[in-house]
Amino acid sequence: MWDQFPATGGLAVGSGFRVTLTCPASGPGTTAFQEDCGLRIWGTGWRPHSASLKHAFQVKFKKEYGAGKLHYPLFPGTTVTDTPALLTGVAWTCGGQANGAICPSVGGTGNLNQTIATLPNNGTLVYHVTGTVPAATTSFVLTNTATVAVGPTVSDPTPGNNTATDTDGIFRTLGLLDNFNRANAATLGANWSQLIVAGTAGITANTNQALCTGLLCLVPASAFWNVPTTGFTASQGAAFTFANTTLNNQGVLLKANAGSAAAPTNFIRVRYQTGGGGQVVVSTTTNAGLTFTAQGAALAASFVNGDTLTAFADGAGLVYVFKTTGTTTTYLGSVQLPTTGTLAWTTGGGRIGMQLTNGARVDSFAGGSL
């Protein structure tokens, strides 16, 4: 090799070399990799051997020598973990290998805990985790967190992005309580409690739907399902389907209690509003609906005629909201209600219902205990 560096000029590129990396920590003489390559001297003025007895080199990996690129993790030990809570029958797969990253295995069952030996800079792997939500679960959300951790010899400049959490709602199909398929009437019938004036309620049965019309709908009119008369448990739900384009300020009611049958003192209102690009607002009243207190942040959503609004309230003071379009149900988010003091919404059940504005039509009222 000495003869390849004459006193003038110096070697620019050479081939026929082989680079070998040994790892003493893995045992004496243990070979990490061995690959054919080219060798290029590095530098300008001090290339000639007469200028310096020391030279810097580049190791070049090209297909004309051997491998086009060298993929080897100098700092192994990256681990990825995912322990899905709640799910049963968990299985996972590894794929999407890009930029030299290699899956340790193509898949497995149970909790994910893999050490990735080959994950070079900008390398990418994609893991998919699947499982089944038990039918007996009482939870309304599934929260899953995946974590990646680099090996002990690596300094991570941005460790804050090594964890990702996904939250999804667990939707439950509510039983249909009223499809309104009956003759037109001035009220919704005996299964509903409503404010009635001169024999007429604000929300009536009309062409097989519920319609809000007349003087009692100049302000939002409410109707409360009264079967059973005591209502449903502390975990309950209500839903209806929008049946025309009068969408603004239509909502379902939950946990109605105290007061009278037609005007309960306390209840939760989950109402869609078209303003601001569309949003669902959760609010509560403790004076029979004279005033409402908005709870939490509004949930962004856009409903159209034919969509279904569903809301669940649980015994921990949380309200969960869903939108269904056709066969697709989307979790919109949750809102925490007060859990202490006289305004706590964590215990007790109540009746469910709906509140509509003038001209609104809805169909397929559903609900019950969860």
> What residue, of I268, I196, I170, is in contact with a Ser or Thr (Cβ under 7 Å, 6 or more places away or on another chain) and over 24 Å from T285 (Cβ atoms)?
Replying inline: I170
> When you go through G277, G231, G259, G202 one by one, which is the residue that is touching a Cys at 6+ places or on another chain (Cβ under 7 Å) and in the same structural domain as G350 (by TED's automatic domain parsing)?
Replying inline: G202
>> Tell me whether the stretch 50-58 contains one or more residues that are under 46 Å from the mean Cα position of the chain (by Cα), modelled with pLDDT of 70 or more and either of a type in the set (A, V, I, L, M) or in a loop (DSSP other than H, G, I, E, B) (or both).
In response: no
> Has the stretch 140-151 got at least one residue that is farther than 20 Å from T81 by Cα, part of a strand (DSSP E or B) and not assigned by TED's automatic domain parsing to the domain that holds L112?
Replying inline: no
> When both residues are 6+ apart or on different chains and their Cβ atoms are under 9 Å apart, which pairs have a first residue that lies in the stretch 192-203 and is among the β-branched types (V, I, T), and a second that is surrounded by fewer than 13 Cβ atoms within 10 Å (Cβ to Cβ)?
Replying inline: V197/L215; T200/L215
> What number of residues within the stretch 295-324 satisfy the criterion of being within 17 Å of L176 (Cα to Cα) and part of a strand (DSSP E or B)?
Replying inline: 8
>> I need a count of the residues in the stretch 30-49 that are over 24 Å from A117 (Cα atoms) and either surrounded by 12 or more Cβ atoms within 10 Å (Cβ to Cβ) or modelled with pLDDT of 75 or more (or both).
In response: 9
> Being of a type in the set (S, T, Y) and either touching a residue at least 60 places away in the same chain (Cβ under 8 Å) or in contact with an Asp or Glu (Cβ under 7 Å, 6 or more places away or on another chain) (or both), is that true of even one residue in the stretch 177-187?
Replying inline: no
> Where residues in the stretch 211-244 are of a type in the set (S, T, Y) and outside any strand (DSSP E or B), which of them is farthest from the chain's Cα centre (by Cα)?
Replying inline: T213
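Conditions (1) in a strand (DSSP E or B); (2) closer than 26 Å to L318 by Cα; (3) at pLDDT below 95, marked per residue:
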position: A136; (1), (2), (3): no, yes, yes
position: D166; (1), (2), (3): yes, yes, yes
position: N184; (1), (2), (3): no, no, no
position: L188; (1), (2), (3): no, no, no
position: T204; (1), (2), (3): yes, no, no
> For the stretch 118-130, how many residues are at positive phi and in contact with a strand residue (DSSP E or B) (Cβ under 6 Å, 6 or more places away or on another chain)?
Replying inline: 0
> Of all residues in the stretch 131-162 being of a type in the set (V, I, T), more than 30 Å from T233 (Cβ to Cβ) and surrounded by 12 or more Cβ atoms within 10 Å (Cβ to Cβ), which is nearest to the chain's Cα centre (by Cα)?
Replying inline: T145
>> Within the stretch 322-344, take every residue that is in contact with a Ser or Thr (Cβ under 7 Å, 6 or more places away or on another chain) and not polar (S, T, N, Q) and give me the one that is modelled with the lowest pLDDT.
In response: L343
>> Just the residues that are hydrophobic (A, V, I, L, M, F, W, C) and either within 26 Å of S369 (Cα to Cα) or without any contact (Cβ under 8 Å) to a residue 12 or more places away in the chain (or both), please, taken from the stretch 111-151.
In response: V133, A135, A136, F140, V141, L142
> Among all residue pairs at least 6 apart or on different chains, which show Cβ distances below 8 Å where the first residue, located in the stretch 333-346, is at positive phi and the second is among the hydrophobic types (A, V, I, L, M, F, W, C)?
Replying inline: G333/L299; G333/V321
> Within the bounds of the stretch 237-244, is there any residue that is small (G, A, S) and more than 24 Å from G175 (Cα to Cα)?
Replying inline: no
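The values are calculated or read from the model by the stated rules, or taken from the named source; none is laboratory data. Fair warning: this is a prediction, and the values are worked out from it, not measured in the lab. Note that we place each Cβ from the backbone using ideal geometry, even for glycine, and neighbour counts take in every protein chain shown.
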